[in-house]
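Notes follow the structure.
The values are calculated or read from the model by the stated rules, or taken from the named source; none is laboratory data. Quick caveat, the model's predicted, so the values are computed rather than measured. Cβ placement follows ideal geometry from the backbone for every residue including glycine, while neighbour counts extend to all protein chains displayed. SASA here: full protein model, heavy atoms, side chains in, ligands and nucleic acids out. Shrake-Rupley method; radii C 1.70, N 1.55, O 1.52, S 1.80 Å.
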Amino acid sequence: MPQRRFSRRSLLGGGLAVAGVAALCGRGQARTAGLPPRLRAAAQGERRLSLVAAERRAKLLGADGPDSAVWTYGEKLFEVVRIAQGETLAVELENRLAEHTAIHWHGLRIPNDQDGVPYVTQPPVRPGERHSYRFTPPDTGTFWFHPHCDTVAQLGRGLAGVLIVEGDETAPYDADLALLLKDWRLDPASGGYLPFMTQRGALRAGTFGTVRTVNGETAPRLTVRAGGDVRLRLLNLDSTRVGDIGVDGGEAAVIAIDGNPIAPFPLKDWRLGPAMRLDLVVRAPAAGGEVRLMDYFAAEPVVLATLAGAWAPARGKAFDPTPLTRSAIPEPRIRGAERLTFAFATASKQKSALAVSADDGDPLAAALLDSLCAASTVNWSINREAWPVGDHSRVPKPLAVLREGRTYVAELSNETPHVHPIHLHGFTFKVLGSTKRELPVHFADTVLLTPNERITIAFVADRPGDWMIHCHLIEHQETGMMGYLKVV
Ligand code: C2O
Ligand code: CU
């Protein structure tokens, strides 16, 4: 794949404290400190949003194929909500599904009672019921939302939406497109679903979809202004697939990871696991030309989408993406920080039967998990503990109790030969380094642990509550690889 470098001016100039080319591709200092401050004053006011979770029909197998039953929050396949930083989101969820649901706001640093985890942070929203959420997202960026019980089936049928918090651009791009990557487990003859979970998949790398889509279409072609700088917000909404994202036929830079701005660096390839996001700037081709967004992970590279240049050309200057503005994520103070370790491993079957409950006196001690929220079986564990199985299991003890306001440095250790995209609710953590790969220091809410890799993260536990930590490969999450941290 083509690989070009930015001009030296773009790396060192502009008053940015970028440490130079070496830091761009490897370890080094955080490349967020030098980002410019936000220009616009925070917006105010409230945005009302009504989401009706229901079964609807969609054409996922092409115009001539059979249609499929999808579960969505509105008439569109995926709701894409854009608000300005500072606005309050007031959401009214109505559940018209035949099973309970809730909405988890993935990547948002909001109060624990808005986090949307049934039994842990709220009661499940039963069929026919309504539930409201109200919060003010503190950070700009590309986020998403989805249910948190029976996720394998609910997300498998499409129940997810995108939340974009605007206000991070120092100069507008020529276009801003959200690209939602999701595969579907469909039988191409009937348009019906194949089993979302398989024993083989749940024990290994997950059960893959049969139809790959971007925004619900196979390899869409998007017309963009020739020569323009296009912001692409990539979201991996799939339950299983890890993409190896690259761009073929043009120049591209990474400008944010999980919505968190980072000093722009050339995109070589980026492993995008389930739930992870990547914001890119891509230079649009000349009129009549094409730039392709690729997944290089498969033996045969897959074209995810094509950008086709059209109309009167924009600019003509060298490719030199402007950085996004700095976010206000609390900076972990590594010196004197508390240490934690989390080992992601398989589980022994005996352990699952024990399902040790939270301490009496903890409100969670009373919470019983129903079959949608308990694990379906136990294959995986975190620190040798598995999320409990079966109806009427109690919510287990927290994996760790943290003190509000302290910095924690955690080692995430993968003791398996499979990849695990590990997500922590409520806190945006700083990825400090890996034992296996050159990773830029960056902020994230989900980090991909490759086989036998150890990754060190740090975060400030600045809000109290019970915060989930789990693998976002949904079959792993739903067969044990889930727990929570209690911040008091
Ligand atoms: Cu995106 Cu606990 O989830
Ligand atoms: Cu996993």
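Using +1 at the C-beta of Lys and Arg and -1 at the C-beta of Asp and Glu, which of 291, 316, 328 has the Cα lying farthest in the positive direction of the dipole of the range 275-336? Farthest towards the positive pole: 328. Quick one: if the Förster radius is 25 Å, what FRET efficiency do residue 177 and residue 318 give, using the C-beta to C-beta distance and rounding to 0.05? Once the sixth-power term is evaluated, E becomes 0.65.
Could you order the peptides 77-83, 152-158, 43-49 from most to least packed, using the average number of other C-beta atoms within 10 Å per residue?
Details: 77-83: 18.3, 152-158: 23.1, 43-49: 12.7.
Per-residue Cβ counts within 10 Å, averaged per peptide and sorted highest first, yield 152-158, 77-83, 43-49.
Near residue 85: Cβ cut-off under 10 Å, other residues only, Lys/Arg at +1 and Asp/Glu at -1. The net charge is -2. Relative protection proxy for 256-264, 111-119, 361-369, from highest mean packing down: 256-264, 111-119, 361-369 (other beta-carbon atoms within 10 angstrom).
The distance separating the Cα centre of the range 284-314 from that of the range 85-131 comes to 37 Å. Can you say what percent of the DSSP beta bridges in the range 344-488, counting only those with both residues inside, are antiparallel? Round to 5. DSSP beta bridges in the range 344-488 are roughly 85 percent antiparallel. What do you get for trypsin sites (Lys or Arg not before Pro) in the range 220-274 restricted to DSSP loop and a cutoff of at most 15 other Cβ within 10 Å of the site's Cβ? Sites meeting the loop and neighbour criteria: 268.
Here the simple spin-label model places points 7 Å from the Cα toward Cβ, and for residue 343 and residue 210 these points are separated by 4.0 nm.
Our estimate of slack between residue 365 and residue 269, defined as 0.36 nm per intervening residue step minus the Cα-Cα distance, is 30.1 nm.
Tell me the net charge near residue 336. Cut-off is 15 Å between Cβ atoms, residue 336 excluded, with +1 for each Lys or Arg and -1 for each Asp or Glu. Within the 15 Å Cβ shell, the charges total +3. Mean residue ellipticity at 222 nm, helices only, the chain: -1000 deg cm²/dmol; runs of at least 4 DSSP H residues each add -39,500 (n - 2.57), and the sum is divided by the number of residues.
Could you state the accessible area per residue of the chain in Å², with a 1.4 Å probe and every protein chain left in place? Don't jump to the answer; show the numbers that get you there.
Numbers: 18480 Å² over 488 residues.
Accessible area per residue: 38 Å².
Counting Lys and Arg as +1 and Asp and Glu as -1 over every other residue whose Cβ lies under 13 Å from the Cβ of residue 57, the net charge comes to +1. Straightening the chain between residue 39 and residue 452 buys 144.4 nm, computed as 0.36 nm per residue apart minus the Cα-Cα spacing.
Our estimate of slack between residue 334 and residue 310, defined as 0.36 nm per intervening residue step minus the Cα-Cα distance, is 3.7 nm. The dipole here belongs to the chain: it is taken about the Cα centre, uses +1 on the Cβ of Lys and Arg and -1 on the Cβ of Asp and Glu, and is about 1300 debye.
Taken about its Cα centre, the range 81-211 carries a charge dipole of about 640 debye when Lys and Arg each add +1 at the Cβ and Asp and Glu each add -1 at the Cβ.
If a spin label sat at a point 7 angstrom from the Cα of residue 219 along the line to its beta carbon, the backbone N atoms of the range 240-280 nearer than 14 Å would be those of 248.
Ignoring any ligand, DNA or RNA, what whole percent of the accessible area of the chain comes from carbon and sulfur when the probe is 1.4 angstrom?
Values: 9540 of 18480 Å².
After summing per-atom areas, the C and S share lands at 52 percent.
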